[in-house]
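First up is the structure itself, then whatever we jot down about it.
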């Protein structure tokens with residue numbers, strides 16, 4: 001059976017899986033990215049994990065290639081450059097290092113752009129020529145498809161919408177030092193920061209007044225909202241307001257048929273989606289109202305990023 005190795009390098013986890021041409025992830029695993037501060041140790045770990053996955057079925061798989069999605073990845077240079085949410089700084093020649101260990105075709109791309117390609121091949125964007133994938137995890141990523149083509153950019157860095165200033169320079173810093181940048185507000189990390197802001201702004205009782213920032217997790221905020229915690233509910237509403245305005249602004253740029261929203265923040269369900277729909281519609285220009293859908297990924301939740309990375313290779317074989 002022909003398969004592609006899909007690798008999603010995230011600020012928290014690196015996920016690796018074996019993906020079929022139908023977009024099914026047959027085997028998958030993960031390890032914690034930050035446990036490998038030396039890039040060569042990290043690449044060695046990737047190599048050993050791939051071997052382990054393949055050895056589970058040694059006579060069954062023919063590897064067509066390896067696709068990698070990562071923050072600030074240049075498809076043109078094969079590098080990860082100045083990624084705010086990764087532990088390695090500067091320019092990392094990751095494709096070169098991995099090719100020295102595995103002799104199969106390889107491609108790398110910004111993780112959100114890879115997700116957009118995966119959505120076209122395997123997900124809910126089949127048949128769409130204009131859409132934007134938004135990934136809401138440790139940071140904020142975007143993959144843009146316009147007129148049927150993925151917008152990759154001159155140097156492979158198109159779609160860094162997480163670092164668009166939403167506050168005219170008067171706000172939180174993103175990991176790349178952009179003041180007021182979107183990912184500082186709309187991401188799993190941004191939501192945690194908003195909890196602190198809401199506690200300073202309002203006097204409501206909240207479970208978070210006795211929890212340290214480092215012990216705060218997105219699942220806790222969702223659970224608190226379910227239990228009626230006013231700070232949690234205000235934090236989601238504030239986040240949805242900013243995201244709704246941003247998506248309305250992006251609509252004016254390329255008029256997508258749909259936004260596909262995926263990542264950890266979307267696991268909060270109605271607490272983020274219901275106010276988001278309201279604010280998005282409020283901020284849209286009249287000419288766009290009723291024309292742009294907010295959708296979930298059609299790829300299976302925990303394997304979407306892996307399948308998106310694998311799509312970098314599969315697009316040449318389908």
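No value in this document is a laboratory result; all are computed from the given coordinates. Keep in mind the model is a prediction, meaning the values are calculated, not measured. Because the Cβ atoms are built from the backbone with ideal geometry, glycine has one as well, and the counts that use them run over all protein chains shown.
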Among 243, 168, 294, determine the one that fluctuates most according to a GNM of the chain built with springs between C-alpha atoms less than 10 Å apart. 168
Antiparallel versus total DSSP beta bridges in region 127-296: what percent is that, nearest 5? 55
With each pseudo-label sitting 7 Å past Cα toward Cβ, what's the residue 281-residue 207 distance in nm, one decimal? 3.1
Arrange the peptides 157-163, 113-119 so that the one whose residues have, on average, the most other Cβ atoms within 10 Å appears first. 113-119, 157-163
For region 229-318, shape from the Cα gyration tensor axes a ≥ b ≥ c, cut at a/c of 1.5 then a/b versus b/c, turns out oblate
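Determine the shape class of region 118-193: with a ≥ b ≥ c the square roots of the Cα gyration tensor eigenvalues, call it rounded for a/c under 1.5, and otherwise prolate if a/b is greater than b/c, oblate otherwise.
Because a/c hits 1.5 or more and a/b exceeds b/c, region 118-193 counts as prolate.
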Rounded to the nearest 0.05, what FRET efficiency do residue 60 and residue 32 give with R0 = 25 Å and r taken as the Cβ-Cβ distance? Could you check? 0.30
Using helices alone, what [θ] at 222 nm do you get for the chain, with -39,500 (n - 2.57) per DSSP H run of 4 or more residues, divided over all residues and rounded to the nearest 500? -11000 deg cm²/dmol
Could you tell me how many degrees, from 0 to 90 and to the nearest 10, lie between the Cα long axis of helix 188-201 and the main elongation axis, the longest principal axis, of the Cα atoms of the chain? 10
With angles folded into 0 to 90 degrees, how steeply does helix 230-254 sit against the dominant principal axis of the chain? Use alpha carbons for both and round to 10. 60
Taking Cα atoms only, helix 304-314 is inclined relative to the longest principal axis of the chain by an angle, in degrees rounded to 10, of 40
Sorted from fewest to most neighbouring beta carbons within 10 Å, what does the list 41, 152, 204 look like? 41, 204, 152
Note on region 41-184: alpha-carbon gyration tensor, axes a ≥ b ≥ c; rule is a/c under 1.5 for rounded, else prolate if a/b larger than b/c, else oblate; result oblate
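Of 314, 88, how do they rank once you tally other Cβ atoms within 10 Å and put the fewest first?
The order, fewest Cβ neighbours first, is 88, 314.
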Rank-order 205-218, 44-57 by packing density, defined as the average count of other C-beta atoms within 10 Å over each peptide's residues, highest first. 44-57, 205-218
Expressed as a whole number of Å, what is the distance separating the alpha-carbon centroids of region 69-88 and region 267-318? 23
The chain: antiparallel DSSP beta bridges as a percent of all, rounded to 5: 55
At the level of C-alpha centres, the distance separating region 15-54 and region 101-144, in angstrom, is 18
Taking R0 as 45 Å, what's the FRET efficiency between residue 173 and residue 100 from their Cβ-Cβ distance, rounded to 0.05? 0.80
Given q = 0.11, 0.17 Å⁻¹, what are the Debye log10 I(q)/I(0) values for region 127-296, with equal point scatterers placed on the Cα positions and solvent ignored? -0.45, -1.04
Relative contact order of region 127-296, please, whole-number percent, based on alpha carbon pairs below 8 angstrom and at least 6 residues apart. 24
